[in-house]
Amino acid sequence: MRESQNAIVGAVTSSLAAPRSLLLGRLDTEGRLRYVGRSTTLSAAAGAAVAPLLSPAAGGHPWTGWTFSAGWGTKETLTVTLVQPDLVVEVDVDVARDSAGRWRHPARWHRTRPDLSPGEAARFSV
């Protein structure tokens, strides 16, 4: 079962000018950005729509020093660029979650939501 969800962009793969996928988060009840999943590979048009809305992360990004797995069951890590976590996007997700509350399958990017602030996006829950 798939459903539409909102999430905050916390990092991207590739570059800020041409992002290939989005690493997504949600704020928990204490206001910390928790990682919830990654998008599928963005089309060139989707990357072009997202790129101008991204800005480099300022100091103190909550994911500084983290490594992200390239795929389920692999030790290969992704090279990511942290971004200022102020862009909300709408994605379609499979409702299946792992024991940490993250989406088990990649999310399909649908659109940006510049009308929402990170505090207005759905909260992280396990």
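Counting the residues of region 35-61 that are surrounded by fewer than 20 Cβ atoms within 10 Å (Cβ to Cβ) and over 14 Å from Ala107 (Cα atoms) gives 14. Looking across Arg26, Arg97, one residue alone is without any contact (Cβ under 8 Å) to a residue 60 or more places away in the chain, surrounded by 15 or more Cβ atoms within 10 Å (Cβ to Cβ) and under 20 Å from Ser4 (Cβ atoms). It is Arg97. When region 60-81 is filtered for residues that are closer than 22 Å to Pro114 by Cα and part of a strand (DSSP E or B), only Thr81 remains. Selection of region 27-59 for residues being assigned to a strand (DSSP E or B), touching a Ser or Thr at 6+ places or on another chain (Cβ under 8 Å), more than 12 Å from Leu82 (Cβ to Cβ) and not polar (S, T, N, Q) yields only Arg38. In region 7-18, is there at least one residue being within 20 Å of Ser125 (Cα to Cα), in a strand (DSSP E or B) and either charged (D, E, K, R) or over 13 Å from the mean Cα position of the chain (by Cα) (or both)? The answer is no; no qualifying residue exists. Would you confirm, using the coordinates I've provided, whether Arg123 is modelled with pLDDT of 75 or more and assigned to a loop (DSSP other than H, G, I, E, B)? Spelling it out, Arg123 is indeed modelled with pLDDT of 75 or more and assigned to a loop (DSSP other than H, G, I, E, B).
Checking the stated criteria, Thr79 turns out not to satisfy the condition of being among the polar types (S, T, N, Q), without any contact (Cβ under 8 Å) to a residue 60 or more places away in the chain and surrounded by fewer than 14 Cβ atoms within 10 Å (Cβ to Cβ).
The values are calculated or read from the model by the stated rules, or taken from the named source; none is laboratory data. Remember, predicted model here, so these are calculated numbers, not experimental data. Please note: Cβ atoms are built from the backbone with ideal geometry, for glycine as well, and neighbour counts cover all protein chains shown.
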